[in-house]
Amino acid sequence: MPIRLRVALVFVAALAAAFAVGGWLFYSRLSASLLNATDAALAAQLSQAGRYLQGPRTAPGPAVDTKLLPGEYVVQVLDASGRVRAASTDAGRKPLLPSATVAQARRGEVALTSTIDDDPARLVAAPFAGRPGWVAIAGVSLDESSRTLGGVTAALWIGGAAFLILAGIGAYWLARAALVPVERMRREAAALSGTGTGSTLQVPRTHDEIAALAVTMNDLLVRLRGALAQQRAFAADASHELRSPFAVLAGELELASRPGRNKEELATAVATAREEVTRLARITDDLLLLARGDESKLAIHPEPADIAAVLAQSADRAGARGAAAGVTCQVDAPAGLVATVDPGRIRQAVDNLVDNALRFAPRGTDIVLSASRAGATLVIEVRDGGPGFPPDFLPHAFERFRRPDRDRARNAGGAGLGLAIAAAIARAHGGWADARNLPGGGAVVRLAIPGDPRPRS
């Protein structure tokens with residue numbers, strides 16, 4: 001069922017319920033008002049009941065049926081024995097009320113609705129003044145009141161039905177008009193191409209919830225296109241990075257398979273192939289780690305760890321490479337600095353940062369691995385004295401396959417995943433990573449880990 005029809009039906013149902021309650025209240029109030037007016041008129045007739053004792057019909061006579069004429073009042077005066085001692089012209093000689101009600105009227109005024117001669121009537125009885133035990137009764141037909149209430153009821157039914165029909169049509173039209181921008185956005189969204197780069201939804205100028213929905217959907221489209229572009233770039237970069245090791249591996253295997261190769265040449269080919277297989281395995285492991293990080297499935301196992309010891313292990317690991325490059329790795333962390341982290345993952349992140357710094361640190365400079373507390377946050381920094389990051393590279397430093405020099409040879413650097421892995425490990429701990437250049441030269445990469453890291457759910 002269309003939304004506009006559901007809105008119209010719900011609106012009509014709510015109006016019908018409200019109209020029914022209002023109509024019932026109006027009918028009840030009108031009925032009560034008519035009865036009150038009738039009772040007041042009958043009370044006035046009771047006050048004048050004594051005049052009927054002075055007329056010619058004061059003596060008892062044969063029982064005569066009462067005749068109620070619309071708008072005409074009938075009055076009876078009953079003595080202590082319950083006989084009619086006086087009555088108006090059409091009141092008859094038979095008591096209008098049963099003996100039990102008459103006995104009740106001797107103690108106080110009684111008003112009730114009864115049926116006389118198959119017609120509804122309103123009767124009021126009260127003690128007759130000056131005659132103990134006597135009762136005066138006044139009655140009037142309710143035909144006029146019934147016709148009035150019947151006319152009001154018919155008017156309420158007819159008018160209510162017409163009102164609900166018009167309200168339903170109006171609600172349907174308003175809902176349809178309100179949903180026109182939504183239908184237009186649906187058609188525009190259906191017409192968007194999966195490869196489009198600039199198409200967005202038209203934002204209505206109504207400044208309402210629908211306009212906000214259009215803005216939100218446009219933001220979503222921009223994010224989706226950005227994610228799609230990153231995915232395509234990731235696939236292209238991964239293919240490029242994996243193609244080179246496979247090409248070298250295939251070439252070495254082809255050369256090794258040629259006849260006439262001596263033992264030394266075969267050993268060289270096997271060693272080169274082993275290096276390329278190791279590189280392929282490393283790239284595959286890095287990509288798997290990043291994929292788990294994207295899915296919030298990068299497992300960490302926090303435990304109290306000596307951060308200075310973790311940094312010292314990374315510095316020792318890089319000692320041989322640093323000595324060959326004329327670079328020294330130093331650790332600047334206070335003794336006894338303990339944090340609840342996954343020491344293996346933190347070591348992996350720091351190793352990547354140190355490897356990255358070794359590629360650019362000039363000979364004779366130092367790489368500093370530092371750790372400190374900033375409130376409840378553990379801050380780990382890796383600084384080098386190299387040329388620093390290119391300014392246009394800093395906004396993309398933690399993207400995958402991003403390297404400061406895209407044209408440099410493969411042997412001059414890694415696959416461009418080290419910083420991305422470090423950032424993924426920091427996010428898995430609930431923290432973050434950033435990179436900047438130092439004022440005096442060199443670059444620094446910082447990992448911030450909260451005081452109580454927990455794996456992301």
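The values are calculated or read from the model by the stated rules, or taken from the named source; none is laboratory data. Here the structure is a predicted model, which is why all the values come from computation and not from measurement. Neighbour counts run over all protein chains shown; Cβ positions are idealised from the backbone, glycine included. Please note that ligands, DNA and RNA were not included when accessible areas were found on the heavy atoms of the full protein model with its side chains. Shrake-Rupley method; radii C 1.70, N 1.55, O 1.52, S 1.80 Å.
Table: residues versus (1) open to solvent by 30 Å² or more (accessible area, probe 1.4 Å); (2) in a loop (DSSP other than H, G, I, E, B).
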residue	(1), (2)
Val102	no, no
Arg107	yes, yes
Thr113	yes, no
Leu123	no, no
Gly130	yes, yes
Ile137	no, no
Val140	no, no
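Looking at (1) part of a loop (DSSP other than H, G, I, E, B); (2) touching a Gly at 6+ places or on another chain (Cβ under 9 Å), which is the one condition that is false for Ala335?
Among (1) part of a loop (DSSP other than H, G, I, E, B); (2) touching a Gly at 6+ places or on another chain (Cβ under 9 Å), the lone unmet condition for Ala335 is (2).
Yes or no, residue by residue, for (1) at pLDDT below 85; (2) outside any helix (DSSP H, G or I); (3) closer than 26 Å to Thr113 by Cβ:
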{"residue": "Met1", "(1), (2), (3)": "yes, yes, no"}
{"residue": "Val10", "(1), (2), (3)": "no, no, no"}
{"residue": "Ala17", "(1), (2), (3)": "no, no, no"}
{"residue": "Arg29", "(1), (2), (3)": "no, no, yes"}
{"residue": "Asp39", "(1), (2), (3)": "no, no, yes"}
{"residue": "Tyr52", "(1), (2), (3)": "yes, no, yes"}
{"residue": "Gly61", "(1), (2), (3)": "yes, yes, no"}
{"residue": "Pro70", "(1), (2), (3)": "yes, yes, yes"}
{"residue": "Val75", "(1), (2), (3)": "no, yes, yes"}
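Collect the residues in the stretch 77-93 that are modelled with pLDDT under 85 and open to solvent by 80 Å² or more (accessible area, probe 1.4 Å), keeping them in residue-number order.
Thr89
Failed condition for Glu144, given (1) part of a helix (DSSP H, G or I); (2) more than 22 Å from Thr89 (Cα to Cα); (3) not aliphatic (A, V, I, L, M), with all others met?
In the conditions (1) part of a helix (DSSP H, G or I); (2) more than 22 Å from Thr89 (Cα to Cα); (3) not aliphatic (A, V, I, L, M), Glu144 misses (2) alone.
Starting from residues that are within 22 Å of Leu213 (Cβ to Cβ) and not in a helix (DSSP H, G or I), keep the ones in the stretch 157-196 and report whichever is nearest to the chain's Cα centre (by Cα).
Leu192
Between a first residue in the stretch 198-212 that is more than 28 Å from Ala229 (Cα to Cα) and a second residue that is open to solvent by less than 70 Å² (accessible area, probe 1.4 Å) and of a type in the set (D, E, K, R), which pairs have beta carbons less than 6 Å apart while being 6 or more apart in sequence or on different chains?
No pair meets every condition.
In the stretch 1-19, what residues are of a type in the set (A, V, I, L, M) and either exposed (fewer than 12 other Cβ atoms within 10 Å of the Cβ) or free of Cβ contacts under 8 Å to residues at least 12 places away in the same chain (or both)?
Result: Met1, Val10, Ala13, Ala14, Ala17, Ala18.
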